[in-house]
1. Work through the residues other than B:I253 whose Cβ is under 9 Å from its Cβ and net out their charges, Lys, Arg +1 and Asp, Glu -1.
2. If you project the alpha carbons of the stretch A:152-317 onto the principal axes, what extent comes out on each, in Å, largest first?
3. Pop the C-beta distance of D:K43 and B:E337 into the FRET formula with R0 = 35 Å and round what comes out to the nearest 0.05.
4. Going Cα to Cα from A:K302, which aspartates and glutamates come in below 18 Å? Please leave out same-chain ones fewer than 8 positions away.
5. When chain B is treated as a GNM, springs tying every alpha-carbon pair under 10 Å, which of B:V256, B:V311, B:V230 comes out with the largest mean-square fluctuation?
6. Which whole-number value in Å³ per residue fits the convex hull of the alpha carbons of the stretch B:12-88?
7. Counting only other residues whose beta carbon sits under 13 Å from that of B:K142, what net charge do I get with K and R as +1, D and E as -1?
8. Hey, which of these cross-link pairs are over 32 Å Cα-Cα: B:K189/D:K252; A:K118/A:K224; C:K167/C:K277; D:K43/D:K95; B:K180/D:K189; C:K113/C:K180?
Protein chains: 4
Amino acid sequence: MKRKYRAAIYGVSGYAGYELYRILKRHPEVEIEYVTADSSAGKRLSDIYPTSDETTILRNEQVDVEDVDAVFLSLPHGAAKSVVEKISAVSTTAKIIDLSADYRFDEAEEYEKWYGQKHTSPDFLDDFVYGLTELNREAIYKSRFVANPGCYPTATILGVFPLLKTKLIDLTSPVIIDAKSGVTGAGRKPEVRLLFAEVNENLSPYNIGYIHRHTGEIEQELNKVAGTNVSVIFSPHLVPITRGMLSTIYVKIPAVLSTEDLTEIFQKSYRDEPLVKVLRNNSIATFQHTINTNMCVMSVKKVENSPYAIVVSSIDNLGKGAAGQAVQNFNVMFGIEETEGLI
Amino acid sequence: MKRKYRAAIYGVSGYAGYELYRILKRHPEVEIEYVTADSSAGKRLSDIYPTSDETTILRNEQVDVEDVDAVFLSLPHGAAKSVVEKISAVSTTAKIIDLSADYRFDEAEEYEKWYGQKHTSPDFLDDFVYGLTELNREAIYKSRFVANPGCYPTATILGVFPLLKTKLIDLTSPVIIDAKSGVTGAGRKPEVRLLFAEVNENLSPYNIGYIHRHTGEIEQELNKVAGTNVSVIFSPHLVPITRGMLSTIYVKIPAVLSTEDLTEIFQKSYRDEPLVKVLRNNSIATFQHTINTNMCVMSVKKVENSPYAIVVSSIDNLGKGAAGQAVQNFNVMFGIEETEGLI
Amino acid sequence: MKRKYRAAIYGVSGYAGYELYRILKRHPEVEIEYVTADSSAGKRLSDIYPTSDETTILRNEQVDVEDVDAVFLSLPHGAAKSVVEKISAVSTTAKIIDLSADYRFDEAEEYEKWYGQKHTSPDFLDDFVYGLTELNREAIYKSRFVANPGCYPTATILGVFPLLKTKLIDLTSPVIIDAKSGVTGAGRKPEVRLLFAEVNENLSPYNIGYIHRHTGEIEQELNKVAGTNVSVIFSPHLVPITRGMLSTIYVKIPAVLSTEDLTEIFQKSYRDEPLVKVLRNNSIATFQHTINTNMCVMSVKKVENSPYAIVVSSIDNLGKGAAGQAVQNFNVMFGIEETEGLI
Amino acid sequence: MKRKYRAAIYGVSGYAGYELYRILKRHPEVEIEYVTADSSAGKRLSDIYPTSDETTILRNEQVDVEDVDAVFLSLPHGAAKSVVEKISAVSTTAKIIDLSADYRFDEAEEYEKWYGQKHTSPDFLDDFVYGLTELNREAIYKSRFVANPGCYPTATILGVFPLLKTKLIDLTSPVIIDAKSGVTGAGRKPEVRLLFAEVNENLSPYNIGYIHRHTGEIEQELNKVAGTNVSVIFSPHLVPITRGMLSTIYVKIPAVLSTEDLTEIFQKSYRDEPLVKVLRNNSIATFQHTINTNMCVMSVKKVENSPYAIVVSSIDNLGKGAAGQAVQNFNVMFGIEETEGLI
């Protein structure tokens, strides 16, 4: 019988870290060797997540990196950097999938601009592949280091890609992204603004315009697809839902294209993708299309009276938007069937 | 002591009709004489709304129209028309505030296009003033008939008005409206799509692009403000919240305008308005700014990297978006302090 | 390779029916041959449940009963009876798991008393085993017909069983059950009382005391365990949650028993049960312990100042409370590993 | 024109404190002179509650106690004690309504037992009247100090009172209270267990049996009504609702009493109470009966097969359960119409 791949999860106490644990535990080719969370070290998983088991949570430093094949980092932005540095110093084989933003940017300056802190290991940036699987599958397969994309960028870039790649977006107008996210996207932090009584019966735009950190990530990747600068307006909204995410995207296109044409372009673009689904003409993607899945589900529509298309792109922020895509990348990196453990 | 104005509410069993009842009951200058709902006739209000009282619900035809000063119609689109026709045949004095869409359009053709039915009393269209109080206060005061605006149009038109009136919107690009509505906006209909288990943990775009009926209403009014054709893209989303509504509006503007400039223009525009509030620079409007109020609260922001502004405009769909604005119009029509009963 | 068992699901459009579909689709030893729903016949599953697939929904009569090994009936109470009668007339081998209440009672009189309708096939009652797996495993294995328990009875009987069987409940006082249920427990019916705007921000006791239909079912089974009459007070409450269920149960016990004693009795009682979990002393069961699982999770506590114990028993109403238990029974009936497809 | 009463609100940043502000601001005979919150001093109210106004929040010590007629304390348990001590040292006239538990107990020992801390001013306990208005109206009117009841005790004691006073409860069995509370009852604390993603889609029993602090308060007051010891079992549950509370209460009664008899006893008991409503025979109280009101609404039902009654008693935990009752007591203390500002 084939030996299973041995994995470590750093940061298991957060929502994405625990989702990773849930997915990997069912994964037939994975053995979870270590789970860590400095803030909860010594506790059992079931102390934090009641439906879970009695696995003991370790401190980061208790992981024996030489003992594992794959490392999943679900740490806060800024904290992942130094862990990557330490692992690299010890192991030359462990593959790393980093769910933080620390290695998503091509240039340290961009990271520093959007995240407001010095990058301590800019040399590593070149080693990391941006892990949007559908766009970079080959590079991910060949790389030891993957920077797992942010949730908003995942939904958005996948929604813009088919028209951008085919040069059908008029880039003299900005790509306008009105995004809505469930609350787990903000993490498991004890802040007043995330309390039930604050979020419930409320819907809040935040960091709208050109402010949210994911804007830079979206722009960087869209620029690469377009081969030129793409102007992005990005407006996230917090909604009273535990998990899920949806980008409503407005792009200027040639007036002659119909909804049927557009849908065909999208379906063609994602024809062979197991984790992207393009809906039929008369359907619109919603949160429920992807909650508790690892899929990205999208729909596209021509606006009747204007040369514009509206793309709606839905993911589960903890699934395809975080842990699900991390496992998808893991599968690619290790040559496993891409959807193993994910459907 | 001054005699109170005598009022009738048609369609009290719906969410907007009952909100009207709640507001008018506290209104110091109003006596509610009749409440009707053909589908619930004979029941008591408390049978439908448990916190309410024992008032008996009548059939529409049981109202003695000659006995009342004001008639509020909270009936389904299409049904209001004939009631208006009947009332007009009986009474020459009762003032009518119609919350349906039946008399909102200037042209019967537009009504027929968006609502898919023949207009049976097109001659009355000229008699009705479009009841967006802040824009048409004088005409409302002088009129006997007011067509109360839809909820989406109220939030949206108020959000676009300050820049459109001052010619600061570049109309070569469309006005893009990404709107989010609480569930009471869809009415109290026993449909599967409105069940708790369908709406909860979901967020659904619907009728996006140029399809939703309120698009025509928004366009008609924006065209009048602009004195020219305004291209509108309107995308409503249903959110798992009982009441509340928010339009996130994207407009192209001169690049030189800053957030401070824009905020000043908005504050100046609504300086004397008791039921519109423009937030300070660093705040963004949310559902919670207006839930259970009759206010419209808005914020405006320049996008850093593009010549675009984002206006966020929030109302309670049952307050300023329906019953609250109906009472505001009632106050104007009868020369009462505009906010009476509303704050 | 072993042939898979061929299954038919009647009533796939309801919440429990669709949950059955989701579980069985992942079940390695099952092939779903037919799914029916007379009200949605001709539609695809994805028309009703957006994350689903393109399977066509049939009419009940389109099922070829001789072609299947197992029939799952997720039909309304009253409707299952005649389908069972028809299937029995055609096939002598197909095993039936009926999720309705039609064959749960030992006596037709009891059915008629609680469900207010004549039982048309009382002779079949003896053929059906009450499918609370943990209590009747042997009989289920030997039977061709299983009456799957109601959701409230499942959570409640499992919570009372360990103390009742060991004669530790003082039956001179009633067993008081204060139960809370998510909204899917009420089914997918277009009724005003189940609308989002009615259920949200509300919690409603209903049919409290000795009125709810599940009271008779609970009593019948507790009487059998006790070998004498058990007096039951049962108060269900509807809560604004999509799925989940919890019974808080108050029983009089010998004053000498401590929480530790009680917990030990429970743990011993369910030691070998793969789908029942008794929490440690200091934990209390919640909805989140079982949502999206097929487990029953419970905790027990001695009241400090009274000779009473409080048992809290949690299930997912669609999991262990309906579809999950149906598949558990299916596994037992066909000699498959009991948790196959369920964890 | 009559001078308004001058009021200070300590602890305005919490949910109950802000609710007090909202109620008092509409109160025609009150002028709010000071609002405090040490943790938010210097901020404006609208910084914390977006729909509010620009009133500046002070530190506790900035209140000039000699300048006010009434002091409302909405401070954490333990913190109110010393503020009362300080105010009493300065002012001999300001009336105090304390919403904390610090002066609710008759005996310091009981306070210390349930709240786990020394009582620093036990001599003041005699000066405070327990402010359950319906039971202690006369004493409240005559007193300068009122200890406003807890939310659970308010709903529960009012629900038990009519039968306890008339000696119709068989006290050889315990009074069993299964209570459900909205999340604002837990206060505005940044704790993980109160985050949206933890509370949403969950329902959690906590401190069940004889552990929750309100148990002692309930027992003390029921003992006084009964003139003997009443055994209480109290099980609170946290539900995913912002505000509201409901106690389902099980009491043993003479078997001869019918639901009609019981309802008549309740209606008679509360006949003259403006803020208590007893529902008709066929209705059951729900959260929606009292949300956003200052009422207590209840229903009572005989259990068919047992000598037990089930009382359901509903309040808004921030209304009658906190701020509403505080203002009701204020009205009584100052000889104002009892419901002023409350309906």
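1. +1
2. Largest to smallest, the principal-axis extents are 49, 30, 30 Å.
3. 0.65
4. A:D170, A:D178, A:E260, A:D261, A:E264, B:D178
5. Looking only at B:V256, B:V311, B:V230, the biggest GNM fluctuation is shown by B:V256.
6. For the stretch B:12-88, the hull spanned by Cα atoms encloses 89 Å³ per residue.
7. Surrounding charge for B:K142 is +1.
8. Long pairs (Cα-Cα over 32 Å): B:K189/D:K252.
We did not get these values from a lab; they are worked out from the coordinates using the rules stated. All figures in this text were calculated on a predicted structure; none of them were measured in a lab. For neighbour counting, all protein chains shown are included, and Cβ atoms are generated from backbone atoms with ideal geometry for every residue, glycine included.
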